[in-house]
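Undergrad: The structure is given below, and queries will be raised subsequently.
The values are calculated or read from the model by the stated rules, or taken from the named source; none is laboratory data. Just so we're clear, the structure is a prediction, and the values are computed from it rather than from any experiment. Using ideal geometry, Cβ is built from the backbone for each residue, glycine included, and neighbour counts are taken over all protein chains shown. We work out accessible area using only protein heavy atoms, side chains counted, and drop any ligands, DNA or RNA first. Shrake-Rupley method; radii C 1.70, N 1.55, O 1.52, S 1.80 Å.
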Amino acid sequence: MNENSTSARSWGTIVTHSDEMAIIYRYVDTFHDDWDLSSQPDRIIIAWRYEDETGMPAPNEREHMEELEAALAPVVEEGGFATLALVSTGENLREWIYYTQSGEEFFNRLNTALASRPKFPIEIRSAADPAWSTYAGFMAALPK
């Protein structure tokens, strides 16, 4: 967890299997008691597609993914601006799901964070999700 993140108190992981491939999820398990999800109404999904017969990224590609996450964290999470809520890896796709105060400002911060780095092969989508429905749906599907 990034020390600048003000929302996440603890993280969880779970591995699921489909079509003989695994998907690894890393997610915020609990938030700080005073955290208000509605302060971050916009959802940002960053997707990195890759090809590997195992469905998992090759070690070199995984390192680049970790570089991307490490570059973004201090810039987009600063002051509680955004929360990385869920990361999934498997079936030739890694997705980072952030919730943020402003989608437009998130893109500005992302561009600042990545300006001096080689271009990453990512796709970015944003949408309003004030109820955190994507995250809530994931959490509801977890085995109890």
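Undergrad: Could you order Arg109, Arg125 so the one with the most accessible surface comes first? Probe is 1.4 Å. Don't skip to the answer; put the middle values down first.
TA: Working: Arg109 55, Arg125 105 Å².
The ordering from most to least exposed comes out as Arg125, Arg109.
Undergrad: Moving on. Between the alpha-carbon centers of region 123-140 and region 9-37, tell me the distance in whole angstrom.
TA: First find each Cα centre; the distance between them is then 13 Å.
Undergrad: Leaving out ligands, DNA and RNA, what percent of the accessible area of region 1-110 is carbon and sulfur, probe 1.4 Å?
TA: Working: 2490 of 5450 Å².
Answer for region 1-110 is 46 percent, counting heavy atoms of protein chains only.
Undergrad: Still on this structure: Which FRET efficiency value, to the nearest 0.05, is calculated for Leu114 and Glu51 with the Förster distance at 25 angstrom and r the Cβ-Cβ distance?
TA: Working: r = 23 Å, r/R0 = 0.91.
Taking R0 as 25 Å, the efficiency between Leu114 and Glu51 is 0.65.
Undergrad: Another question, then. With a Förster radius of 22 Å, plug the Cβ-Cβ distance of Glu78 and Asp36 into 1/(1 + (r/R0)^6) and report the FRET value to the nearest 0.05. Write down the numbers at each step before the final one.
TA: Numbers: r = 18 Å, r/R0 = 0.81.
FRET efficiency, Glu78 to Asp36: 0.80.
Undergrad: Going highest first, how would you order 24-36, 70-82 by mean Cβ packing within 10 Å?
TA: Values: 24-36: 13.8, 70-82: 17.9.
In descending order of packing, they fall as 70-82, 24-36.
Undergrad: Leaving out ligands and nucleic acids, note down the accessible area per residue over region 7-139 with a 1.4 angstrom probe, in whole Å².
TA: On the way: 6830 Å² over 133 residues.
For region 7-139, the solvent-accessible area averages 51 Å² per residue.
Undergrad: Compare the peptides 133-143, 44-54 by average per-residue count of other Cβ atoms within 10 angstrom and give them in order, highest first.
TA: Numbers: 133-143: 12.1, 44-54: 14.6.
Those peptides, ordered most packed to least, come out 44-54, 133-143.
Undergrad: A further question on this structure: Contour minus end-to-end for Phe107 and Thr134, with contour as 0.36 nm per residue of separation and end-to-end as the Cα-Cα distance?
TA: Numbers: separation 27, 0.36 × 27 = 9.72 nm, distance 1.98 nm.
Here the segment from Phe107 to Thr134 would lengthen by 7.7 nm.
Undergrad: With the crude spin-label approximation of a point 7 Å out along Cα→Cβ, what separation in nm comes out for Glu123 versus Glu69?
TA: Placing both labels 7 Å along Cα→Cβ, they lie 2.1 nm apart.
Undergrad: Take region 7-139, drop everything but the C-alpha atoms, weight them equally and run the Debye formula without solvent; then report log10 I(q)/I(0) at 0.14 Å⁻¹ to two decimals.
TA: -0.64
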